[in-house]
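A short write-up of the structure that comes next.
The values are calculated or read from the model by the stated rules, or taken from the named source; none is laboratory data. These figures come from a predicted structure and were not determined experimentally. Reconstructed Cβ throughout: ideal geometry from the backbone, glycine too, with neighbour counts over all protein chains shown. Ligands, DNA and RNA are stripped out before the accessible areas are found, and what is left, the full protein with its side chains, is counted by its heavy atoms. Shrake-Rupley method; radii C 1.70, N 1.55, O 1.52, S 1.80 Å.
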2 protein chains.
Amino acid sequence: MFTVIESPTIAGCCAPLTDAPLDEAQALELAVVLKALADPIRLRIVSLVATAPDREICACDLPAALDRSQPTVSHHLTQLVRAGILVREQRGKWAWFRIAQPQLDALGQILGS
Amino acid sequence: MFTVIESPTIAGCCAPLTDAPLDEAQALELAVVLKALADPIRLRIVSLVATAPDREICACDLPAALDRSQPTVSHHLTQLVRAGILVREQRGKWAWFRIAQPQLDALGQILGS
DNA sequence: TCATCACATCGATATTCATCGATTCGACAC
DNA sequence: GTGTCGAATCGATGAATATCGATGTGATGA
């Protein structure tokens, strides 16, 4: 029995903003992902992960790095994973996080850079 | 006497997320812009403007197009202008809006697409 | 089995924010 | 001026959310 962990993605959500008007469903889907990024703490988390050695980081280091409590950091990490921006991996007692690069790439495509 | 209308920009705000960790000020500045985009109504406004003939749109057409009241649409337009994503131009009684392309391009650069 | 550590969840609180009706403001035409 | 029309502002309300202390959960090691 295989267990497939699906990571939510906006890859097929919509064309670049300049190509076609978004319908309500597409706008909602995109907004969910952008809202997950649109927070100073979560942006710092993403940039910390993206620039860490091996491009991964242990949750245990974040409360000190961000000057936030452990429950608050956990809350933000959950938001980022549910938006498909981070990927979580359990290693023993520790939780490690990586960037879900396809999701960020898709965002860039849609914003049309 | 000249009147210089400054459009807020994140152009010099920060390097791509994958290049260096954001400090608190950079993260806050970026979050303000992303937060302005991270709403379904505002995303639809941006895509409507970006795909309109001549890439501009009259505010008068938006309440019907978005099924929101005039004050609500005005509120969202204000948010987008203050974030430097849209540019407002008054023509007689009407207000017209265009995309501030450099701001969107800068966003794409920072997200690293 | 038991203590410990890392992290998630719960409960509460304060703040932010989307929304709309009513009102005000500004530009235009007469 | 006066009336009209487009749009911003005000005030209120309900919903979403960032935060943290306390508690629960799951894995580790003795």
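Looking at (1) more than 26 Å from B:D39 (Cα to Cα); (2) out of contact with any helix residue (DSSP H, G or I) (no Cβ under 6 Å at 6 or more places or on another chain); (3) away from chain B (no Cβ under 12 Å), which is the only condition A:T51 fails?
(3)
Looking only at the range B:63-76, filter to residues that are within 11 Å of DNA strand C (Cβ to nearest atom) and within 14 Å of chain A (Cβ to nearest Cβ); which one of those is least open to solvent (accessible area, probe 1.4 Å)? Even if it seems obvious, please write down each step before you answer.
Step one: list which residues in the range B:63-76 are within 11 Å of DNA strand C (Cβ to nearest atom), which gives B:63, B:66-76.
In the following step, the residues that additionally are within 14 Å of chain A (Cβ to nearest Cβ) were identified as B:66-68, B:76.
Values: B:L66: 3, B:D67: 126, B:R68: 106, B:H76: 20 Å².
By that ranking, first place goes to B:L66.
Since B:T18 meets every condition but one in (1) part of a loop (DSSP other than H, G, I, E, B); (2) in contact (Cβ under 8 Å) with a residue 12 or more places away in the chain; (3) surrounded by fewer than 17 Cβ atoms within 10 Å (Cβ to Cβ), which condition does it not meet?
(3)
Can you pull out every residue in the range B:30-40 that is surrounded by fewer than 20 Cβ atoms within 10 Å (Cβ to Cβ) and more than 7 Å from every other protein chain (Cβ to nearest Cβ)?
Matches in the range B:30-40: B:V32 only.
Sort out which residues of the range A:72-113 are more than 15 Å from A:A31 (Cβ to Cβ) and among the β-branched types (V, I, T), and write them in order of number. I'd like the intermediate steps shown before the answer.
Of the range A:72-113, the ones more than 15 Å from A:A31 (Cβ to Cβ) are A:72-78, A:80-81, A:86-102, A:104-105, A:108-109, A:112-113.
Result: A:T72, A:V73, A:T78, A:V81, A:V87, A:I99.
How many residues does the range B:77-99 contain that are within 9 Å of DNA strand D (Cβ to nearest atom), open to solvent by less than 60 Å² (accessible area, probe 1.4 Å) and within 19 Å of A:T18 (Cα to Cα)?
So the count comes out to 3.
Take the residues of the range B:97-113 that are of a type in the set (S, T, N, Q) and in a helix (DSSP H, G or I): which is modelled with the lowest pLDDT? Walk me through it before giving the result.
Looking only at the range B:97-113, we keep the residues that are of a type in the set (S, T, N, Q), and these are B:101, B:103, B:109, B:113.
If we keep only those that are in a helix (DSSP H, G or I) as well, we get B:101, B:103, B:109.
Numbers: B:Q101: 95, B:Q103: 94, B:Q109: 89.
Top of the filtered list is B:Q109.
Quick one: what pairs do we get from the range B:67-96, first residue free of Cβ contacts under 8 Å to residues at least 40 places away in the same chain and outside any helix (DSSP H, G or I), second open to solvent by 50 Å² or more (accessible area, probe 1.4 Å) and more than 11 Å from DNA strand C (Cβ to nearest atom), C-beta under 7 Å, 6+ apart or different chains?
Close Cβ pairs satisfying both conditions: B:E89/B:W96; B:W94/B:C60; B:A95/B:R88.
Which of the residues that make up the range A:80-113 are away from every other protein chain (no Cβ under 12 Å) and under 15 Å from A:L34 (Cα atoms)?
A:L80, A:V81, A:R82, A:G84, A:L86, A:A100
Test B:A50 against the criterion of being more than 8 Å from DNA strand D (Cβ to nearest atom), assigned to a helix (DSSP H, G or I) and loosely packed, with under 13 Cβ neighbours inside 10 Å, and give yes or no.
On the way: more than 8 Å from DNA strand D (Cβ to nearest atom): yes; assigned to a helix (DSSP H, G or I): yes; loosely packed, with under 13 Cβ neighbours inside 10 Å: no.
Considered against the rule, which asks whether it is more than 8 Å from DNA strand D (Cβ to nearest atom), assigned to a helix (DSSP H, G or I) and loosely packed, with under 13 Cβ neighbours inside 10 Å, B:A50 comes out as no.
Do the conditions hold for A:P8, that is, is it away from chain B (no Cβ under 11 Å), surrounded by fewer than 20 Cβ atoms within 10 Å (Cβ to Cβ) and in a helix (DSSP H, G or I)?
No; evaluated as a whole, the condition is false for this residue.
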